[in-house]
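First comes the structure, then the notes that go with it.
Just so it is clear, none of the values below were taken in a lab; they were calculated from the coordinates. Everything quoted here is computed from the prediction, not taken from an experiment. For neighbour counting, all protein chains shown are included, and Cβ atoms are generated from backbone atoms with ideal geometry for every residue, glycine included.
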Amino acid sequence: MADQAAAANTPGPASGSSPQPDAPASRDARQAHATAPDPAPTPEPAPKSREFRMSELAREAGITVRTLRFYRERKLIPPPRREGRIAWYNEHHLARLRTIAALLERGHTLGGIAELLTAFETGRDVGELLGLPSPLLPPWSEETPVRLTPEELADHFSGEVTPDNLSASLALGYLAVDGDEFVHISRRLLDASTSLVAHGIPLAAVLQAAAEVRTHADALADILTTLIRTHLFPTLHDLPRATQTIENLRPLAKGVIEAELTMAMDRRPRPPSPSASHSVPCGCGGPWPWGVRLR
């Protein structure tokens, strides 16, 4: 009873009286809460890849279920993911079906498409093709890789994308496979090959010539590397100076190779014009006009 009486007699805010001012600590806490930044929004999870049953995939691809089953039996598409007795297909299968449709429209047979897809899937990884730059010296090449769908590759070389040519391009390192796409190692080499084929040179002949050029280019690189290692590196005692020296040599080396190639072309006899008689010696036309500029 005494405790209750004491509690009743404890001073407090009287009913109807004016509110007491906040204590400084309480006021500061409320101000800090009011000015605190909103919590960062929780990032949304990445959207899951869509999956389809067989009938759904056929509808998305614009084909019949019977055709889809036939493609699967011919191993033109990879096996589906199975969950019990249900087969689940994903967007990779849909992309493959669209590729098959595009190649069929371009006149390829199913047998040829199967061979192309086999070569496509056994291609080297893109990382193996492009490699990593040296941690010490910058790369000399300034090539820009080009990503191509199978349809775009077929458009570049109309009628010439055969299993043999595709395998030769992969072996040369011109092409690599990255997911559902090809990666060509060089925009300049792709444009040059496309132009040569457009002028009537078979792609197989272009690739054979490219292999020979690669052999000679490797030999030239060996000559320059030996020259630098033998006569230059022993005089360079710190990495920054070596790096700068190599950078300065890069345009010189390219200039030497271009000059020698253009002069070598000038030393070659020019073939006769199409209207010339076949009995006229090949060298009658004088030197090639390569000295102006290589294009």
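Taking the highest mean first, how do the peptides 79-86, 192-199, 173-180 order by number of other beta carbon atoms within 10 angstrom per residue?
Put in order of decreasing packing, that is 173-180, 192-199, 79-86.
Determine, for each peptide in 201-211, 248-258, the mean count of other beta carbons within 10 angstrom over its residues, then list the peptides with the highest first.
201-211, 248-258
Between residue 211 and residue 83, what length in nm is gained on full extension when 0.36 nm per residue of separation is reduced by their alpha carbon distance?
Numbers: separation 128, 0.36 × 128 = 46.08 nm, distance 4.76 nm.
Gain on stretching residue 211 to residue 83: 41.3 nm.
Please give the FRET efficiency for residue 147 paired with residue 118, using the beta carbon to beta carbon distance and R0 = 30 Å, rounded to the nearest 0.05.
With a Förster radius of 30 Å, E is 0.90.
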